[in-house]
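A short reminder: the numbers here are calculations on the coordinates, not readings from a lab. Computed from a predicted structure; not experimentally measured. Every residue, glycine among them, receives a Cβ derived from its backbone with ideal geometry; neighbour counts consider all protein chains shown.
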Amino acid sequence: MLRTSLILFVLMVISSFSVKALMPTIMLAEQNGKPNLEELVPQSFGTWKLDPNQSAVILNPVQEENINRIYDQTLSRTYSRPDGYRIMLSMSYGADQRSGVALSVHYPEVCYPAQGFQVLTNKEGSIATEHATIPVRRLETTLGMSRREPVTYWITLGTERTVGGLDRRLIELRYGLKREIPDGLLFRVSSIDRDSPHAFAIQEQFVKEFIQNLSAEGRIRLAGAKAP
């Protein structure tokens, strides 16, 4: 009996040390540096220019008091094109994007309803850019009867792209096996438009032009690395 208890104790100690030895400790944000979103994101590109009246359009569904606690950097801009159509761009960057930690990204399908929006549809899709094919999630949201806001978003973890779920867990596992802690970014575009297919088509074109006009560093930071 004593021998069995001693063996179990030794196994528990070994297991404890093994878990500690395998815990991720390498912060990619410290190795690679944190991005400067203000510098990476252009104020104009293609037919799109920064809207001088953007403050009157943006309604960020993440509560203001939580932003600084959750993220290391955020960026919100509104762009318009000559015909007056507006796209709202929002980015949220965190140095530690493991699931279950305070900095884990807030998904729009969660934070939009928290601010009174209703999510009507939630579908996965993709956008094929010259840089890479980006997996995206598209939401149709509404605030009361007056504001219909289709949303397109994706997430980067380190240099990989995801829209959450099992795929995100597998990416985290790959980094974890290398003892790396990935940083991450949520990239979201939306527009006030009652015609969702029309909105999603313009958002896709906006993303393609946006990615094409980024620096090489910006494309990797905001849209992930090209597949090998």
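Put simply, the amide H of I127, placed in the peptide plane, has neighbours under 5 Å in I134, V136, leaving out anything fewer than 5 places away on its chain.
Computed from backbone phi with θ = phi - 60° and the Karplus coefficients 6.51, -1.76 and 1.60, the 3J(HN,Hα) list for the stretch 163-177 is 10, x, x, 4, 4, 5, 4, 5, 5, 4, 5, 4, 5, x, 5 Hz; x is used for glycine and proline. Judged by the gyration tensor of its Cα atoms, with axes a ≥ b ≥ c, the stretch 181-228 is prolate; a/c meets the 1.5 cut and a/b is the larger of a/b and b/c. Ordering S196, Y79, L170 by Cα displacement along the dipole of the stretch 26-223 toward the positive end leaves L170 in first place; charges were set at the Cβ atoms of Lys, Arg (+1) and Asp, Glu (-1). Partners of K123 within straight-line reach, counting lysines whose Cα lies under 23 Å from its Cα and excluding those fewer than 8 residues away in the same chain: K208. Phi angles of the stretch 128-135 translate, via the Karplus equation with coefficients 6.51, -1.76, 1.60 and θ = phi - 60°, into HN-Hα couplings of 8, 9, 5, 7, 5, 8, 9, x Hz per residue; Gly and Pro are given as x. For the stretch 101-152, just say rounded, prolate or oblate: build the C-alpha gyration tensor, square-root its eigenvalues into a ≥ b ≥ c, call rounded for a/c under 1.5, and beyond that prolate if a/b exceeds b/c, oblate if not. Judged from the Cα gyration tensor, the stretch 101-152 comes out oblate (a/c at least 1.5, b/c at or above a/b). A simple spin-label model places the labels of S126 and T25 3.9 nm from each other, with each point 7 Å out along Cα-to-Cβ.
Can you bin the stretch 26-223 into rounded, prolate or oblate? Criterion: square roots of the alpha carbon gyration tensor eigenvalues sorted a ≥ b ≥ c, rounded for a/c under 1.5, prolate for a/b above b/c, oblate for the rest. Prolate shape, in that a/c is at least 1.5 and a/b is the bigger ratio.
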